[in-house]
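Below: one structure, written as structure tokens.
The values are calculated or read from the model by the stated rules, or taken from the named source; none is laboratory data. Just so we're clear, the structure is a prediction, and the values are computed from it rather than from any experiment. Quick reminder, even Gly has a Cβ in these numbers, built from the backbone with ideal geometry, and neighbours come from all protein chains shown. These area figures cover heavy atoms from the full protein model, side chains too; ligands, DNA and RNA do not enter into them. Shrake-Rupley method; radii C 1.70, N 1.55, O 1.52, S 1.80 Å.
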Amino acid sequence: MLEWSYMAMLGFVLLASGWLEWAFDLRVYRRPGRLFATVAVAAPPFILWDAWAISERHWFFDRSQMLGIVGPLNVPLEEYLFFIIIPIAAVLTLEGVTRFLEIVRSRATS
């Protein structure tokens, strides 16, 4: 059951930040190259860090709380998804806040 709660949390993060795409017409998803570049810069160092920590036994993942899919470098699928979804949510949030502040400033000067 716990393994699915983690996936539900990742889904919630996507939904909680995803609405900003349409609410503020951010066009984040319409620029997949920029989004891919963000994930490509953010994810690898953390995935490598995870892999190193696992190999050195600094931490581990309880297999009873995982989906059971382990990817390259002995890193669970949930970790790969985390390091993809969180940067996407961060970009959406940053772009949403930036757009919101632009709207507030333009109304304040009108």
Next item on the list: Enter the Cα centre distance for the pair the stretch 81-110 and the stretch 5-24, rounded to the nearest angstrom.
Entry: 14
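What does the net charge come to around residue 49 if you take all other residues with beta carbon closer than 11 Å to its beta carbon, with K and R at +1 and D and E at -1? Can you show the working numbers first?
Values: positive: none; negative: 50, 56, 79.
Around residue 49, the surrounding residues sum to -3.
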Notebook entry, point to check: With a ≥ b ≥ c the root eigenvalues of the C-alpha gyration tensor of the stretch 41-87, is it rounded (a/c under 1.5), prolate (a/b larger than b/c) or oblate?
Noted result: oblate
Notebook entry, point to check: Along the charge dipole of the chain, Cβ charges K/R +1 and D/E -1, which of 28, 60, 42 sits furthest on the positive end?
Noted result: 28
Next item on the list: Divide by every residue of the chain the summed helix terms, -39500 (n - 2.57) for each DSSP H run of at least 4, and state the resulting mean residue ellipticity at 222 nm, rounded to the nearest 500 deg cm²/dmol.
Entry: -25500 deg cm²/dmol
Check: Which residues make up the longest stretch of the chain clear of trypsin sites (Lys or Arg not before Pro) that lie in a DSSP loop with no more than 13 other Cβ atoms within 10 Å, not counting the sites?
Finding: 58-110
Notebook entry, point to check: Could you give the accessible area per residue of the stretch 1-85, probe 1.4 Å, as a whole number in Å²?
Noted result: 67
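If each residue of separation counts as 0.36 nm, what is the full-extension length gain between residue 69 and residue 101 once their alpha-carbon separation is subtracted? Intermediate results must be reported in sequence, preceding the final value.
Numbers: separation 32, 0.36 × 32 = 11.52 nm, distance 4.15 nm.
Full-extension gain reported as 7.4 nm.
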Checklist line | Global form of the chain, assessed from the alpha-carbon gyration tensor, a/c cut-off 1.5 | finding: prolate
